[in-house]
């Protein structure tokens, strides 16, 4: 079956297509637009999110990955919504028009797009959740999340306060999860009206007092058909939950463990991706939060097939590599055998068509790759 990849970069979208997952064709779309995320709906329409310090965020749609139409609407906060001062400080370098000085809450980036149950969701920065029920033509804020009671305690990560992960339950449209850096992980069971933090067992949370906010979640993955089984790459380690996020356990047997800048020892990295047919999970460890490149310069993906132990997969990957794989820059095509794809911050794109047993460099010389999404068919 054919596969299409959309790799987002600060200068546009690299789109690669293949009929056999061995030979790839590349074309570049939306040149000049920073592309931050993509999604595909149940009719096969593709969506791309872009942002610009001059023009703000926008969305484009295409039915053929070649002709793109820009929507008139995009996620926007209400004028009266107040923003996070620390987030303003972090993103202020790009605030050429001085809009942040008035203290408002603004959408300065769309971190992720997610299609589920007839709705297109957008996770944005400053952290928030928006929904479109007419395939991108209009957007409504999910107020239950955007005004979550603990919001005043949310603290941005180094890249700002971003809602970068959205997960859904194929069997229950009222159930969603959202991950925010660095506020933690949240779940709704009532269609978005209320949201509860789900961080119990994730350091620095303790059993007696699970933290409501403060965890720097990097990415979380699940299979919507088995939605309660979650895998989480945290700033402070890799974790697994079998109960929808109510509790978490460290899952690092076989992973390289590094010392963080604060002395904590864990397996540090950004992306976490699941292959739904096999149940295999993939992460890309880096050498701590200060170096942020592969241990010893050897780029290696790790796979867990049993939810307990990890296996290194480096066949075909470079051994002299001092770059990173960012949180949104890895994806799986959900075919059989599963194909896994990731891009680096130095502009190389790799494909592993057999659950990562061997890797092939399918593109190089691209701008910094910030997002990768694989679409079969």
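What list do you get for 325, 142 if you sort them by fewest beta carbons within 10 Å?
Fewest-to-most ranking of 325, 142: 142, 325.
Using a 10 angstrom cutoff on alpha carbons, build the Gaussian network for the chain and name the most mobile of 338, 103, 192.
103
So between residue 54 and residue 1, what do we pick up on full extension, going 0.36 nm a residue minus the alpha carbon distance?
15.1 nm
For residue 174 and residue 80, FRET efficiency with R0 = 30 Å and r from the beta-carbon atoms, rounded to 0.05?
In this case the efficiency is close to 0.60.
For segment 210-265, what is the convex hull (Cα atoms) projected area averaged across all directions, in square nanometres?
Value for segment 210-265: 4.5 nm².
How big is the Cα convex hull of segment 1-141 in projection, averaged over all directions, in nm²?
Its average projected convex-hull area is 9.1 nm².
Stretch residue 95-residue 22 to full length: gain in nm at 0.36 nm per residue minus the Cα-Cα span?
Length difference between fully extended and current span is 22.0 nm.
Just 127, 345, 73 to compare: in a GNM of the chain, with alpha carbon springs under 10 Å, which one fluctuates most?
Result: 73 has the largest fluctuation of those listed.
Under a point spin-label approximation (7 Å from Cα along Cα-to-Cβ), what is the residue 43-residue 249 distance to one decimal in nm?
Taking the simple label geometry, residue 43 and residue 249 are separated by 4.5 nm.
Put a dot 7 Å past each Cα toward the Cβ at residue 336 and residue 134; how far apart are the dots in nm?
My value for the distance between the label points is 4.1 nm.
What number results when the radius of gyration of segment 79-121, computed over Cα atoms, is divided by 2.2 N^0.38 Å?
In units of the globular-protein estimate, segment 79-121 measures up at 1.46.
With runs of 4+ DSSP H residues as the only contributors, calculate the mean residue ellipticity of the chain at 222 nm using -39,500 (n - 2.57) per run, divided by the residue total and rounded to the nearest 500.
-1000 deg cm²/dmol
Suppose R0 equals 35 Å. What FRET efficiency, 1/(1 + (r/R0)^6) with r the Cβ-Cβ distance, do residue 102 and residue 196 give to the nearest 0.05?
0.65
Tell me the relative contact order for the chain as a rounded percent, counting alpha carbon contacts under 8 Å between residues six or more apart.
11
How compact is segment 281-377 by the rule of thumb for globular proteins, expressed as Cα Rg over 2.2 N^0.38 Å?
Expressed relative to 2.2 N^0.38 Å, the Cα Rg reads 1.01.
Laboratory data are not the source of any read-out in this text; all were calculated from the coordinates shown. Treat the numbers as computed from the prediction; the structure is a model and nothing was measured. Because the Cβ atoms are built from the backbone with ideal geometry, glycine has one as well, and the counts that use them run over all protein chains shown.
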